[in-house]
Amino acid sequence: MLDQKVAKLINEQINKELYSAYLYLDFSIYYEDLGLDGFANWYNIQAQEERDHAMLMLQYLQNNGVKPVLDTVAKPDKELKDKLEVLKLALEHEQYVTSLINDIYEAALAVKDYRTMQFLDWFVKEQGEEEKTAEDLVKKMELFGGDAKGLYMLNSEMAARTYSAPSLTL
Ligand code: FEO
């Protein structure tokens with residue numbers, strides 16, 4: 001059985017991951033509307049990955065004798081009005097998610113819940129990768145996005161992203 005505080009934080013994280021999926025779906029819709037189908041594809045896949053994260057958290061609770069409780073998923077509340085700013089919002093959001101994962105890790109450490117810490121190791125690494133990718137996208141857009149040809153190339157690069165299931169299995 002998991003520590004109550006740890007279980008509560010993981011349960012809340014299911015909701016945050018589903019919100020992330022919702023947020024990135026909103027980004028995908030925004031870029032599709034601009035005609036940037038590659039960016040739309042990229043965020044559509046990102047949304048799928050966030051749903052995967054939620055499911056991993058959910059299954060982890062179930063595997064440890066805790067019944068997950070689903071809450072309302074908030075409406076995406078960021079105003080999307082600039083293609084570079086949206087990428088910066090994504091970076092900020094991932095930094096925020098990293099802080100949430102770190103909070104759960106800290107709670108697990110406090111009660112010597114090594115199993116949860118091991119489970120969270122994958123998410124710690126994943127967050128590092130997601131922050132780096134989000135940073136790279138901001139940099140690329142700053143460098144090349146101002147010119148039509150550069151934006152076209154960037155869009156084509158993002159169109160090439162394909163979905164792959166998470167490497168973590170429970
Ligand atoms: Fe599930 Fe992007 O963190």
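So the values come out like this:
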{"item": "Single residue of the stretch 118-162 satisfying the filter (touching a residue at least 12 places away in the same chain (Cβ under 8 Å), among the charged types (D, E, K, R) and not in a loop (DSSP other than H, G, I, E, B)) that is farthest from GLU106 (Cα to Cα)", "result": "GLU157"}
{"item": "Verdict on ALA107 being surrounded by 11 or more Cβ atoms within 10 Å (Cβ to Cβ) and away from the ligand (no atom under 16 Å from the Cβ)", "result": "yes"}
{"item": "Number of the condition not met by TYR96 [criteria: (1) farther than 30 Å from LEU143 by Cβ; (2) under 17 Å from the mean Cα position of the chain (by Cα)]", "result": "(1)"}
{"item": "Hey, TYR43 assigned to a helix (DSSP H, G or I) and either within 13 Å of the ligand (Cβ to nearest atom) or small (Gly, Ala, Ser) (or both) or not", "result": "yes"}
{"item": "Checklist (1) of a type in the set (A, V, I, L, M, F, W, C); (2) within 12 Å of the ligand (Cβ to nearest atom); (3) under 26 Å from VAL6 (Cα atoms); (4) touching a helix residue (DSSP H, G or I) at 6+ places or on another chain (Cβ under 8 Å) applied to ALA74, failing item", "result": "(2)"}
{"item": "Residues within the stretch 104-117 that are of a type in the set (A, V, I, L, M) and outside any helix (DSSP H, G or I), tallied", "result": "1"}
{"item": "Verdict on LYS81 being away from the ligand (no atom under 14 Å from the Cβ) and farther than 21 Å from LEU2 by Cβ", "result": "yes"}
{"item": "Restricting the stretch 118-135 to residues that are crowded, with 20+ Cβ neighbours inside 10 Å and more than 14 Å from the chain's Cα centre (by Cα), the residue that is nearest to the ligand (Cβ to nearest atom)", "result": "LEU120"}
{"item": "Residues of the stretch 60-80 that turn out to be open to solvent by 70 Å² or more (accessible area, probe 1.4 Å) and over 26 Å from LEU143 (Cα atoms), as a count", "result": "9"}
{"item": "Some residue of the stretch 81-103 being in a loop (DSSP other than H, G, I, E, B) and either out of contact with any strand residue (DSSP E or B) (no Cβ under 8 Å at 6 or more places or on another chain) or open to solvent by 30 Å² or more (accessible area, probe 1.4 Å) (or both)", "result": "yes"}
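Okay, residues lined up against (1) under 20 Å from TYR30 (Cα atoms); (2) modelled with pLDDT of 95 or more; (3) more than 19 Å from the chain's Cα centre (by Cα); (4) within 14 Å of the ligand (Cβ to nearest atom):
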residue	(1), (2), (3), (4)
GLU85	yes, yes, no, no
LYS88	yes, yes, no, no
THR116	no, yes, yes, no
LEU137	yes, yes, no, yes
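Residues checked against (1) more than 13 Å from the ligand (Cβ to nearest atom); (2) part of a helix (DSSP H, G or I); (3) open to solvent by 30 Å² or more (accessible area, probe 1.4 Å); (4) touching an Asp or Glu at 6+ places or on another chain (Cβ under 6 Å):
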| site | (1), (2), (3), (4) |
| --- | --- |
| VAL6 | yes, yes, no, yes |
| LEU9 | yes, yes, yes, no |
| GLN13 | no, yes, no, no |
| GLU17 | no, yes, no, yes |
| ASP26 | yes, yes, yes, no |
| TYR31 | yes, yes, no, no |
| LEU56 | no, yes, no, no |
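The values are calculated or read from the model by the stated rules, or taken from the named source; none is laboratory data. These numbers were taken from a predicted model, which means no experiment stands behind them. All Cβ positions, glycine included, derive from the backbone under ideal geometry; neighbour counts span all protein chains shown. Each accessible area value is taken on the protein alone, full model and side chains, heavy atoms only, with ligands, DNA and RNA left out. Shrake-Rupley method; radii C 1.70, N 1.55, O 1.52, S 1.80 Å.
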